[in-house]
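For reference, the structure is listed below as structure tokens.
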Amino acid sequence: MIVCDGLVKIYKTNTIEVMALQGLDMNVAKGELMAVVGNSGSGKSTFLNMVGGLIKPSAGQLLVDGKDLFRLSEKQLVEYKKNTVGFVWQKNSRNLFPYLSAIRNVEVPMQFCRDNKAMKSEAKRRERALELLELVGMSHRKDSLLHQLSGGEQQRVAIAIALANGPKLLLADEPTGAVDQKTSLMIQDMFRMLNRDLGVTIVIVTHDVSLAKKVDRVVMIRDGKISSERVMKQGYLDR
Ligand code: ADP
Ligand code: ADP
């Protein structure tokens, strides 16, 4: 699903250069549920944002779902971001509307996917939004305003939004970073369920050790390179 070859990212500011990725090689198999761990500043978010097509590498190659990401045209890259990947952030405040209901929060972004047949009409979008809220166990709160929901419940709504387009790849940046232990466990189980039932490939960036235990494989990044790797569960490749 993901093939990274010698990825380098250099951030240039007025005075300094930061080499956030220093020749990163990594493969992620289709259907895999994996975690990327590492200290703050090791390059995890840079990697994830690059796979999501949000930032470009300074050097190296990145294939996702058979596409050479940085050879795509602008239009193809927009399509890729819209249809192939879904994002979940630690703080979703940039993507969520506090004074809209949970279900409206899922419906509104779907208007940008009207080229998708399943989302053409308002009725179809409502139906799909409800289905997604059911999937994440939030249908009973569909009419609650978002700001009335707990952090964990808001996170579940954010996961529903990320799944709206049926992405092949779900990218999550510290998804349990802002919730309590119990909610964290619930979100972990949800990733496992989505991976198993929808077959979606999931990459989670986290420093949450408990979360990193519930995945197929953990890759540790240090100074923008892979420093170690652990397979937690055998057999994910045959799924
Ligand atoms: P992590 O997610 O592991 O905390 P990041 O990928 O966010 O690491 O950051 C890796 C390094 O790149 C850090 O030193 C960080 O300060 C730097 N960095 C990240 N984003 C930018 C940016 N937009 N401009 C300059 N430096 C950045
Ligand atoms: P922080 O804890 O430093 O505020 P966030 O969790 O908000 O970081 O964001 C992590 C990374 O994801 C950052 O590089 C940020 O720029 C990026 N990011 C967060 N939300 C969005 C968004 N809605 N669209 C694009 N990039 C985002």
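The values are calculated or read from the model by the stated rules, or taken from the named source; none is laboratory data. On a predicted model such as this, the values are computed, not experimentally measured, just so you know. Note that each Cβ is placed from the backbone with ideal geometry, even for glycine, and that neighbours are counted across all protein chains shown. Heads up: the accessible areas ignore ligands, DNA and RNA and are worked out on the full protein's heavy atoms, side chains in. Shrake-Rupley method; radii C 1.70, N 1.55, O 1.52, S 1.80 Å.
When only alpha carbons of segment 2-92 are considered, Rg and Dmax amount to 13.4, 42 Å.
For Tyr11, Tyr99, the ranking by accessible surface with the largest value first comes to Tyr99, Tyr11, using a 1.4 Å probe.
Backbone amide hydrogens, once placed in the peptide plane, bring Phe87 within less than 5 Å of Leu171, excluding anything fewer than 5 places away on its chain. The spread of Cα positions in the chain, taken along each principal axis and listed from longest to shortest, comes to 47, 44, 40 Å. Have a look at the DSSP beta bridges in segment 59-206 and tell me what percent are antiparallel, nearest 5. If I count the DSSP bridges inside segment 59-206, around 25 percent turn out antiparallel. Amide H contacts of Lys225: Gln22, each under 5 Å away and 5 or more positions distant or on a separate chain (H built 1.01 Å from N in the peptide plane; Pro and chain starts excluded). When +1 charges are put on Lys and Arg Cβ atoms and -1 charges on Asp and Glu Cβ atoms, the dipole computed for segment 116-239 relative to its Cα centre reaches about 340 debye.
The shape of segment 177-230 can be summarised by an equivalent ellipsoid whose semi-axes, obtained from the alpha carbon gyration tensor, come to 21, 15, 8 Å from longest to shortest. Length gained on full extension, Lys56 to Gln111, computed as 0.36 nm times the residue gap minus the Cα-Cα distance: 17.1 nm. The alpha carbon centroids of segment 162-239 and segment 1-58 are separated by 16 Å.
A Cβ-based charge dipole, computed about the Cα centre of segment 1-88 with Lys and Arg at +1 and Asp and Glu at -1, lands at about 220 debye.
If you roll a 1.4 Å probe over the heavy atoms of the protein chains, what accessible area per residue do you get for the chain, in Å²? Provide the component values of the computation, followed by the final result.
Details: 11950 Å² over 239 residues.
Counting only protein heavy atoms, the per-residue value for the chain is 50 Å².
Inter-label distance, Leu185 to Ser228: 2.6 nm, where each label sits 7 Å from its Cα along the C-beta direction.
If a/c stays under 1.5 just call it rounded; otherwise compare a/b with b/c (prolate if a/b is bigger, oblate if not). Do that for segment 125-218, with a ≥ b ≥ c from the square roots of the Cα gyration tensor eigenvalues. Oblate shape, in that a/c is at least 1.5 and b/c is the bigger or equal ratio. Do the sum for the chain: with -39,500 (n - 2.57) for every DSSP H run of n ≥ 4, divided by all residues, what is the mean residue ellipticity at 222 nm, to the nearest 500 deg cm²/dmol? Computed mean residue ellipticity for the chain: -9500 deg cm²/dmol. Could you pull out the pairs from Lys44/Lys81; Lys124/Lys168; Lys56/Lys182; Lys82/Lys225; Lys12/Lys225 whose alpha carbons sit more than 25 Å apart here? Where the Cα-Cα span goes over 25 Å, the pairs concerned are Lys56/Lys182; Lys82/Lys225.
Taking a sphere under 12 Å around the Cβ of Leu135 and counting the other residues whose Cβ falls inside, with K and R at +1 and D and E at -1, yields a net charge of -1.
For segment 69-110, backbone nitrogen atoms closer than 12 Å to the point 7 Å from Leu145 Cα along Cα-to-C-beta are found at 98-102. Across segment 133-212, the mean sequence separation of Cα contacts (distance under 8 Å, 6 or more residues apart), normalised by length, yields a relative contact order of 32 percent.
Here the ratio of the Cα radius of gyration of segment 53-157 to 2.2 N^0.38 Å is 1.25.
Computed in the context of the full set of protein chains, the accessible area of segment 37-113 at 1.4 Å probe radius has 53% of its extent on carbon or sulfur.
So in segment 141-232, what percent of DSSP beta bridges are antiparallel if you round to the nearest 5?
Of those bridges, close to 55 percent are antiparallel.
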